[in-house]
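Shown next, in structure tokens, is the structure this report addresses.
The values are calculated or read from the model by the stated rules, or taken from the named source; none is laboratory data. The structure displayed is predicted, hence computed values, not measured ones. Counting neighbours? That spans all protein chains shown, and the Cβs are built from the backbone with ideal geometry, glycine included. Ligands, DNA and RNA are stripped out before the accessible areas are found, and what is left, the full protein with its side chains, is counted by its heavy atoms. Shrake-Rupley method; radii C 1.70, N 1.55, O 1.52, S 1.80 Å.
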Amino acid sequence: MKRQLMKIQVLRFVAEQGVVRVSDVMDYFRKWDSEHAVRVMMNELGITHQQYGGFQYGIWFIEDKKNFEMLKPFYNDIPNFKVRGKSLLVKVAHSLGINHIRAVLENSEKIRVVKWWSEEYLRALPPFRRDGISMHKIPDAIFWHLRKDGSKQKFFLEYERSLKAPKRYLEIFQFYDRRHDVKNNNVIYICENDPIKVKLQKIETELTKGGKIKGTGLNFSFVTMEEFNKAYAVNEEKGEIR
């Protein structure tokens with residue numbers, strides 16, 4: 001029974017994240033010493049496996065709607081995920097980056113994530129449950145942190161692996177600027193490198209000067225992936241937060 005429940009949890013993680021590697025599952029759950037055991041479990045679940053980019057054991061994603069149906073007896077509130085299959089492969093590197101970010105945050109002792117809505121989860125929600133999130137502007141994730149006083153703090157996550165066109169940032173920054181639940185720098189941009197971080201900070205400043213958004217230092221936090229890892233990632237050797 002315990003193994004069956006673990007399989008369902010793994011299946012939910014794959015459904016929510018879209019594309020995963022065996023190592024992503026191990027990093028997130030932190031329950032296995034052997035990648036072989038995870039690979040066997042994913043095969044038993046019928047999750048599609050495909051060789052990709054030289055990754056050991058390739059990548060895994062759901063192509064059979066029956067996999068999603070398996071989740072419903074265990075999670076009453078789970079949305080109706082849509083099969084997107086190989087269409088997810090156009091952004092594998094981005095998806096794997098999000099998998100890493102989620103695993104780090106949910107295993108960190110510096111923040112207590114009590115709810116995580118991935119892009120795939122948001123896409124599956126009916127419009128009335130998305131709270132103003134349209135299909136044209138879906139964050140990479142929304143998550144909630146449990147404060148010490150018992151209240152929940154909402155965060156929007158964007159992983160910027162490469163730069164978009166400047167016009168696109170105008171649309172995105174204004175989208176967040178108009179939201180009632182965006183405040184106190186709770187839109188977090190995790191940037192793949194420092195040049196991307198610097199460019200986004202410059203765009204925020206320029207939009208503020210042009211009167212396009214309310215101001216700098218109000219809505220957005222910009223950090224590099226390296227800075228994020230140093231702040232939250234677990235030190236594997238010592239079992240401590242780095």
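For the range 146-214, with only Lys/Arg (+1) and Asp/Glu (-1) charged at the beta-carbon, what is the dipole magnitude about the Cα centre, in debye rounded to 20? Present the calculation step by step, with values, prior to reporting the outcome.
Values: 17 positive and 10 negative charges, 38 e Å.
Dipole magnitude for the range 146-214 comes out near 180 debye.
Compute the angle between helix 194-209 and the longest alpha-carbon principal axis of the chain, please, reported from 0 to 90 degrees and rounded to the nearest 10.
It is inclined by approximately 40 degrees.
Along the principal axes of its C-alpha atoms, what lengths does the range 167-219 span, in descending order and rounded to whole Å?
Ordered largest first, the range 167-219 gives principal extents of 30, 22, 19 Å.
Regarding the range 69-122, what is the average projected area of its C-alpha convex hull, in nm²?
Computed as one quarter of the Cα hull surface, the answer is 4.8 nm².
Lysines within cross-link reach of Lys199: Cα-Cα under 21 Å, excluding same-chain residues under 8 positions apart?
Result set, ordered by chain and number: Lys137, Lys164, Lys167, Lys209, Lys212, Lys214.
Express as a percent, rounded to the nearest 5, the fraction of DSSP beta bridges in the chain (both residues included) that run antiparallel. Write out the running numbers ahead of the final one.
On the way: 17 of 27 bridges.
Looking only at bridges with both residues in the chain, the antiparallel portion is about 65 percent.
Can you tell me the Rg and the Dmax, both Å, for the Cα atoms in the range 1-151?
15.3, 46
For Lys82, project a label point 7 Å along Cα to C-beta. Then give me every residue of the range 136-176 with its amide nitrogen under 19 Å of that point.
136-142
May I ask you to compute the full-extension gain from Glu227 to Glu171, defined as 0.36 nm times their residue separation minus their alpha-carbon distance, rounded to one decimal in nm?
17.5 nm
On the accessible surface of the chain, probed at 1.4 Å, how many percent belong to carbon and sulfur atoms? All intermediate terms of the calculation are to be shown ahead of the outcome.
Working: 6260 of 12760 Å².
Taking all protein chains in place, the chain shows 49 percent carbon and sulfur surface.
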